[in-house]
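Colleague: Below you'll find the structure I mean.
The values are calculated or read from the model by the stated rules, or taken from the named source; none is laboratory data. Treat the numbers as computed from the prediction; the structure is a model and nothing was measured. So basically every Cβ, Gly included, is an ideal-geometry build from the backbone, and we count neighbours across all protein chains shown.
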Amino acid sequence: MNAIEISNAAATGEMPDGLSPLEKTLWFAKAGHWHKAHDLCQELKKAPGAWIHAWLHRQEGDYGNACYWYSVAGKPATPQDDSLEKEWFRIAEEVLSQKS
């Protein structure tokens with residue numbers, strides 16, 4: 001799946017069958033299931049999981065923790081006031097393109 005497909009599926013609240021752990025994490029994050037996304041991103045144990053983890057903590061309002069996870073992911077910290085929506089798409093597009 002691509003970022004738009006995951007985003008559209010999240011908007012319906014119906015998780016498609018056959019998603020990879022990475023795709024599920026993105027789906028939960030986009031669908032507003034913070035705790036499920038948070039648990040799953042920690043299981044990914046790679047830079048994409050850390051990047052999603054950073055996004056989740058920024059969404060939560062814990063910018064200090066988000067900055068830590070950006071550094072683990074090897075990414076510059078996104079400014080606190082940047083659009084969460086745009087960042088989710090940026091993350092999803094990049095990590096899903098690396099998957100193939």
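Colleague: Tell me the helices (runs of 4 or more DSSP H) entirely within region 42-100 that contain at least 2 residues that are modelled with pLDDT of 95 or more and either at positive phi or surrounded by fewer than 16 Cβ atoms within 10 Å (Cβ to Cβ) (or both).
Modeller: Because the criterion is at least 2 residues that are modelled with pLDDT of 95 or more and either at positive phi or surrounded by fewer than 16 Cβ atoms within 10 Å (Cβ to Cβ) (or both), the helices (runs of 4 or more DSSP H) in region 42-100 that meet it are 63-73, 84-99.
Colleague: Give region 69-99 a look and list any residue that's in contact (Cβ under 8 Å) with a residue 12 or more places away in the chain and hydroxyl-bearing (Ser, Thr, Tyr), or say none.
Modeller: Tyr70, Thr78, listed by residue number.
Colleague: Just to be sure I understand, how many residues within region 31-41 are surrounded by fewer than 17 Cβ atoms within 10 Å (Cβ to Cβ) and either on the phi > 0 side of the Ramachandran plot or among the small types (Gly, Ala, Ser) (or both)?
Modeller: Final tally of qualifying residues: 1.
Colleague: Let me ask you something else. Go through region 1-41 and report how many residues are free of Cβ contacts under 8 Å to residues at least 40 places away in the same chain, among the small types (Gly, Ala, Ser) and assigned to a helix (DSSP H, G or I).
Modeller: 5
Colleague: Pick from region 1-30 the residues that are of a type in the set (D, E, K, R) and farther than 18 Å from Leu44 by Cα: which of them is surrounded by the fewest Cβ atoms within 10 Å (Cβ to Cβ)?
Modeller: Among those that are of a type in the set (D, E, K, R) and farther than 18 Å from Leu44 by Cα, it is Asp17.
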